[in-house]
Amino acid sequence: MMNERPWKMGERIVCLLIICFIITFFLLPKKASAFSFIVDGTELAVNGGFETGDLTGWGSFGSATVQTTDVCSGTYAVKISNGGAVWQMINLPATFSVTSLNFSYKVSGSGGVIAFGVDQYGGYSEFLPVVTPTTGWENYSQDITPFLTQGDPFVVVGFAGDNAYVDATPSSQTNTVPEPCTLLLLGSGVVAIVIRRRKK
């Protein structure tokens, strides 16, 4: 009977570790960013993935709704219709070296169209000219540093169109495991091996 006791304790530990794994990978919220505005390695976009379920952090005009029926990544995406638009004002640091934009877009239906641009005191730059219907989701990535003016306090990023969707690129959605659980998962195998050897 005394030989069985350590193994039962080991089984309990392994079961707890498995539960921890399930919770962190399947039940905790996933992070996503519909559009990423990264300045020198720091993400400055607010609610980029519309994962709040609404347009928090965004301005809008006309028909622009956050929906769940057609998404590229995460749970939500924004649909722009009938010449509607969404935009976000982003505060810039006084100086910067590298500024990159990343997002996914889709255009569907007859007459569908999307345009994307950046507006600053120095003028408007259109990075994604008018795009007609696509066969599916397209990923967009651009270094816009040369188009921005150092010292301007903010920049406005905007999307406009009809039957157009904006969402996260698949690579921008991550499922992270907290460090304590990672260590426990790595240690579970060691615990099981030690207990088996003691049982023998």
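We did not get these values from a lab; they are worked out from the coordinates using the rules stated. Predicted, not measured: the structure shown is a model, and the values here were computed from it. Quick reminder, even Gly has a Cβ in these numbers, built from the backbone with ideal geometry, and neighbours come from all protein chains shown.
What shape does the range 64-120 have by the C-alpha gyration tensor, where a ≥ b ≥ c are the square roots of the eigenvalues, rounded means a/c under 1.5, and otherwise prolate means a/b greater than b/c and oblate the rest? Could the numbers behind the result be given before it?
Details: a/c = 2.38, a/b = 1.82, b/c = 1.31.
Since a/c reaches 1.5 and a/b is larger than b/c, the shape of the range 64-120 is classed as prolate.
Can you tell me how the range 35-172 classifies by the Cα gyration tensor, rounded, prolate or oblate, using a/c under 1.5 as the rounded cut?
prolate
Ranking Asp143, Asp119, Asp162, Asp167 by Cβ neighbours within 10 Å, fewest first, what do you get?
Asp143, Asp119, Asp162, Asp167
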